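Some notes on the structure that comes next.
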Amino acid sequence: MRSWQLTRWQHCPKATNTKQSMRIGIDATALPPQPVGAGNYIVQLVRALARLECEDEFVVFAQAGKASLLGVADRPSFRISAVPDYSPAARLIWEQSALPLFVRRHKIDVFHSLHYTRPLWLPCKSVVTFHDMTFFLFPHLHTRSKRLFFPLVIRASGKLANALIAVSENTRQDAIRLVGIPPEKIFTALLGVDRSFGQIKDRERLSEIREKYSLPERFILYVGLVEPRKNLPVLIRAYRALLEVQRDFDLVVVGRFGWMSEGILGEVAQLGLNERVRFAGYVPREDLPGVYNLSSLFVYPTRYEGFGLPALEAMACGVPVVTTDVSSMPEIVGDAGLLVEPDSEGALIDAMVEVLADPGLSATMAAKGLERAKQFTWERTASETLRVYQHVWKIP
């Protein structure tokens, strides 16, 4: 899965610095109050970097009101630098105007922007993480402001940064193809699954989670934003057809309502599924493993994912996974799940029926998922990210 990286590192330039350790700046200011997706990446990467045994120093820039979400204790070699709280738009203005001054004040050697954008000017070398290329592939699934803003800043980051990190090999290839990033400039650092995601044997704890979120006895689960890119209407229609042959399972949707979610709610009402489809809203990460464990099947009908973390979390909890055969999903799920075309309701129905009707298949998929999930750790993500910093620092 990672063999391509081993050969590429052989061509890194030799060190030109005599300094023995780096001071690394991390921009965590894009962290939202309820972290999902890229927000989870920010939290988990910072925590994993803090656990690394290395001689380098880290300074993490985080908005004061959200710094506690990182869950990292301040210490001499790993410091949290609190900056003012801003709205998303104001944060971007602050990023371009004030952040470079903070970077210079802290004498940063390598600066890592964790969410697509970096200041147009920096007094040091830089790394930028790209999470996906949906702004180029599916612009109609984003708000107008994002359609205008992100393609511009992604191209700028691609030119200005010394190196780029993609969260999957699929995202790396998309960035090379769509943005024209030189292949030798962008590296893949696959994400990990948090240690809290695993099989839960404590029946009392599971009972508490079931009661807290009013979860049915048997259910199919989806976790992710409720928005067009996630392809929920296809799942809802496939679920409606599933009820013709299998009425024992409800559908539970976990996640915040995003842009254009009204149409998804309308689809549920139109199909008469208000009593069978349950929207649980945002579930904090401390409760999410319990929700996964209570489910019988995880279905992720996405059209495109930069990584697809919920599918990995489900596998880590021993839940069989049905997802799509596009973007990064085959890269993450491998042969541990069933992969279908994203717009084929028939294929999705068949896959759900196959798993739910065959306990042996369900158990086999769960076992394969558990083994595959062990390959994805945040410690590995952090180690590979540190190697990118070292590579950038050695560039003449």
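For the chain, which longest stretch is free of loop sites, where a loop site is one of the trypsin sites (Lys or Arg not before Pro) that DSSP puts outside H, G, I, E and B and that has at most 14 other Cβ atoms within 10 Å?
The longest uninterrupted stretch comes out as 248-373.
Determine ³J(HN,Hα), in whole Hz, for all residues of the stretch 372-387 in sequence, where each value follows from phi through the Karplus function 6.51 cos²θ - 1.76 cosθ + 1.60 and θ = phi - 60°; x replaces Gly and Pro.
Rounded to whole hertz, the list is 5, 4, 5, 6, 10, 10, 6, 4, 5, 4, 5, 5, 5, 5, 4, 5.
Which distance in nm do the two modelled labels at Ser383 and Tyr86 give, with both placed 7 Å along the Cα-to-Cβ direction?
With each label placed 7 Å out from Cα toward Cβ, I get 3.6 nm.
Using θ = phi - 60° and the Karplus form 6.51 cos²θ - 1.76 cosθ + 1.60, what ³J(HN,Hα) does each residue of the stretch 286-302 get, whole Hz, x for Gly and Pro?
5, 9, 4, x, x, 5, 4, 4, 7, 7, 9, 7, 9, 10, 10, x, 3
Just to verify a number: FRET efficiency for Arg256 and Ser77, C-beta to C-beta distance, R0 = 22 Å, to 0.05?
Calculated transfer efficiency: 0.05.
Eigenvalues of the Cα gyration tensor times 5, then square-rooted: what semi-axes does that give for the chain, in whole angstrom, largest first?
Three semi-axes, in Å: 38, 21, 21.
FRET efficiency for Glu217 and Asp325, Cβ-Cβ distance as r, R0 = 30 Å, nearest 0.05?
0.45
Expected output is a single nm value to one decimal: the length gained when fully extending between Gln270 and Arg205, i.e. 0.36 nm times separation in residues minus the C-alpha distance. What is it?
19.8 nm
Just want to confirm a number: the relative contact order over the stretch 203-373, from Cα pairs under 8 angstrom separated by 6+ residues, in percent.
23 percent
Given H placed 1.01 Å from N in the peptide plane, which residues other than close sequence neighbours of Val83 have an amide H under 5 Å from its amide H?
Here the answer is Ala62, Gln63, Ala64, since their amide H atoms fall under 5 Å of that of Val83.
So which GluC sites (Glu not before Pro) in the stretch 37-102 are both in a DSSP loop and have at most 10 other Cβ atoms within 10 Å of their Cβ?
When the GluC sites (Glu not before Pro) of the stretch 37-102 are filtered for loop state and at most 10 Cβ neighbours within 10 Å, Glu53, Glu55 remain.
Given the pairs Lys107/Lys394; Lys146/Lys185; Lys66/Lys159; Lys230/Lys374, which are separated by over 19 angstrom at their Cα positions?
Exceeds cut-off: Lys146/Lys185; Lys66/Lys159; Lys230/Lys374.
Relative contact order of the chain: what whole-number percent is it, with Cα pairs under 8 angstrom and at least 6 residues apart?
For the chain, the relative contact order is 17 percent.
State whether the stretch 55-116 is rounded, prolate or oblate according to the following rule on the C-alpha gyration tensor (a ≥ b ≥ c being the square roots of its eigenvalues): a/c under 1.5 gives rounded; otherwise a/b larger than b/c gives prolate, and the remaining case gives oblate. Show your work: numbers first, answer last.
On the way: a/c = 2.00, a/b = 1.26, b/c = 1.59.
Verdict is oblate for the stretch 55-116.
Shape verdict for the stretch 203-373, please, from the Cα gyration tensor: rounded (a/c under 1.5), prolate (a/b greater than b/c) or oblate.
Working: a/c = 1.22, a/b = 1.06, b/c = 1.15.
Since a/c stays below 1.5, the shape of the stretch 203-373 is classed as rounded.
Using helices alone, I'd like the mean residue ellipticity at 222 nm for the chain: each DSSP H run of four-plus residues gives -39500 (n - 2.57), total over residue count, nearest 500.
-12500 deg cm²/dmol
If you rank Val283, Val277 by fewest surrounding Cβ atoms within 10 Å, what's the result? Don't skip to the answer; put the middle values down first.
Values: Val283 20, Val277 24.
In order of increasing Cβ crowding within 10 Å: Val283, Val277.
Sorted from fewest to most neighbouring beta carbons within 10 Å, what does the list Asp132, Asp194, Asp287, Asp248 look like?
Details: Asp132 26, Asp194 20, Asp287 16, Asp248 11.
By the 10 Å Cβ count, ascending, the order reads Asp248, Asp287, Asp194, Asp132.
Every number here is computed from the coordinates shown, using simple stated rules; none is lab data. In this text the structure is predicted, and so the values were computed from the model without any measurement. Quick reminder, even Gly has a Cβ in these numbers, built from the backbone with ideal geometry, and neighbours come from all protein chains shown.
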